[in-house]
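Input: a single structure, listed below in structure tokens.
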Amino acid sequence: MIEVREYVDARGHVPYRDWIVQLDTTARVRIITAVLRMENGNFSAAKSVGAGLSELRLDFGPGYRMYFGKDGEQLVILFGGGSKRRQQADIQSAHALWAEYKKRKRENDFKMRKLDK
């Protein structure tokens, strides 16, 4: 089983959590279901967006996307999400968080939250 964590940025914000709580219940449930599939190793709807970061495309609503990085084979870090309309801005934001994660990891100064389902 793969461990999925939410990234906590340097200021203590949890971008994935901030994003998902804004969504309606139906969207939230479908996204959580996709995360559960990732925990079981199903990354079939994911594609690389460069530099070790991936986008999980969710084909419903406005075309939701969720951004994550894999740290090894057993750890996935969720950085946030968005919709097709804001895709480029969301990818840039996720890249910045991924770079921050890797820098803080090298410095042993990072936090992640265990995913609450």
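The values are calculated or read from the model by the stated rules, or taken from the named source; none is laboratory data. Since we're looking at a predicted model, the values are computed, not measured. Here the Cβ is made from the backbone with ideal geometry for all residues, glycine too, and neighbour counts use every protein chain on show.
Data for the structure
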item: Cβ pairs under 7 Å, 6+ apart, first in region 33-49 and more than 19 Å from residue 98 (Cα to Cα), second among the basic types (Lys, Arg); result: 45/57
item: Residue match in region 34-54 (condition: buried (at least 17 other Cβ atoms within 10 Å of the Cβ), outside any helix (DSSP H, G or I) and in contact with a helix residue (DSSP H, G or I) (Cβ under 7 Å, 6 or more places away or on another chain)); result: yes
item: Residues satisfying the stated conditions in region 65-80, i.e. modelled with pLDDT of 90 or more and under 14 Å from the mean Cα position of the chain (by Cα); result: 65, 66, 67, 68, 69, 70, 71, 76, 77, 78, 79, 80
item: Selected residue (criterion: surrounded by the most Cβ atoms within 10 Å (Cβ to Cβ)) from residues of region 64-78 that are in contact with a strand residue (DSSP E or B) (Cβ under 9 Å, 6 or more places away or on another chain) and assigned to a loop (DSSP other than H, G, I, E, B); result: 71
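Table: residues versus (1) within 17 Å of residue 23 (Cα to Cα); (2) in contact (Cβ under 8 Å) with a residue 60 or more places away in the chain.
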residue	(1), (2)
56	yes, no
67	yes, no
70	no, no
74	no, yes
78	yes, yes
102	no, no
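Every residue, every condition in (1) over 18 Å from residue 4 (Cα atoms); (2) more than 13 Å from the chain's Cα centre (by Cα), yes or no:
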site: 31; (1), (2): no, no
site: 39; (1), (2): no, no
site: 48; (1), (2): no, no
site: 54; (1), (2): no, no
site: 61; (1), (2): yes, yes
site: 82; (1), (2): yes, no
site: 98; (1), (2): no, no
site: 102; (1), (2): no, yes
site: 116; (1), (2): no, yes
